[in-house]
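The block underneath contains the structure these notes are about, expressed in structure tokens.
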Amino acid sequence: MNNKLSLLATIEILTALSMGIVIMAATYQFLKYWGKQKYDIQPNNQAYGIFIAAVLFSVGLTMSSVIQPLLSLFRIFASREIGTFELVIKFLGYGALYIALAYVFAVVICVSGNFIYMFLTPINEFEELKNNNISVALIVGSIIITLSLLTNNGVDLLIESFIPYPQQYPK
């Protein structure tokens with residue numbers, strides 16, 4: 001058993017769980033607060049609940065694009081002759097960078113989905129969500145989720161471009 005790889009895998013699992021919970025909770029609380037403050041949307045509004053669920057799914061899906069680059073990073077770091085402390089610090093630093101990038105892209109995707117719907121239709125989507133219009137919530141949610149599905153591989157590739165692969169020179 002590779003002890004370094006096991007250590008990094010354990011750190012990755014714990015980091016993913018903790019950061020996932022923090023990011024999802026913060027996103028949920030922000031959306032709940034924003035809906036209440038800006039549009040006076042009540043907590044029991046089903047349409048806004050559907051919208052929030054779509055945003056959370058989109059954020060989670062986009063954040064999942066961090067997993068494969070982190071696994072590649074694990075393998076590279078585990079193969080190097082560095083101390084455990086330095087290994088953990090490097091992993092956490094790169095992990096934080098990857099998570100921040102993925103979250104920024106998740107927010108951009110969700111905002112883009114909202115703007116696309118606003119430009120495609122003459123209605124005010126948040127006014128409709130406030131009025132508990134479930135069909136608007138489903139359409140906007142579908143747009144957001146579809147954009148996340150379409151861009152997930154690109155976000156994964158972009159994050160992977162930050163991996164410090166060893167230099168290989170041509171023979």
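The values are calculated or read from the model by the stated rules, or taken from the named source; none is laboratory data. As the structure is a prediction and not an experimental result, all values here were calculated from the model. Methodologically, a virtual Cβ is constructed for each residue, glycine included, from the backbone with ideal geometry; neighbour enumeration extends over all protein chains shown. Just so you know, the surface numbers come from the protein's heavy atoms only, side chains and all, with ligands and any DNA or RNA stripped out. Shrake-Rupley method; radii C 1.70, N 1.55, O 1.52, S 1.80 Å.
Hydrophobic (A, V, I, L, M, F, W, C) and not in a loop (DSSP other than H, G, I, E, B) - does that describe any residue in the stretch 39-49?
At the first step, the residues of the stretch 39-49 found to be hydrophobic (A, V, I, L, M, F, W, C) are 41, 47.
Applying the additional criterion that residues be not in a loop (DSSP other than H, G, I, E, B) yields 47.
Yes - at least one qualifying residue is present in the stretch 39-49.
Here is a list: Ile99, Ile89, Ile11, Ile82. Which entry is of a type in the set (Val, Ile, Thr) and closer than 30 Å to Gly141 by Cβ?
From the options Ile99, Ile89, Ile11, Ile82, the qualifying one is Ile99.
What tally of residues in the stretch 17-35 results from selecting those that are closer than 15 Å to Ser64 by Cβ and open to solvent by 60 Å² or more (accessible area, probe 1.4 Å)?
3
Of everything in the stretch 29-39, what is more than 15 Å from Asn133 (Cβ to Cβ) and in contact with a helix residue (DSSP H, G or I) (Cβ under 8 Å, 6 or more places away or on another chain)? Give them in sequence order.
Correct list: Leu31, Lys32, Lys38.
What number of residues in the stretch 40-80 are open to solvent by 50 Å² or more (accessible area, probe 1.4 Å), of a type outside the set (Val, Ile, Thr) and over 18 Å from Leu158 (Cβ atoms)?
10
Looking at the stretch 134-152 only, could you name the residues that are surrounded by fewer than 17 Cβ atoms within 10 Å (Cβ to Cβ) and polar (S, T, N, Q)?
Ser135, Ser142, Thr146
Determine, yes or no, whether Val155 is open to solvent by 70 Å² or more (accessible area, probe 1.4 Å) and under 12 Å from the mean Cα position of the chain (by Cα).
For Val155, the condition - open to solvent by 70 Å² or more (accessible area, probe 1.4 Å) and under 12 Å from the mean Cα position of the chain (by Cα) - is not met.
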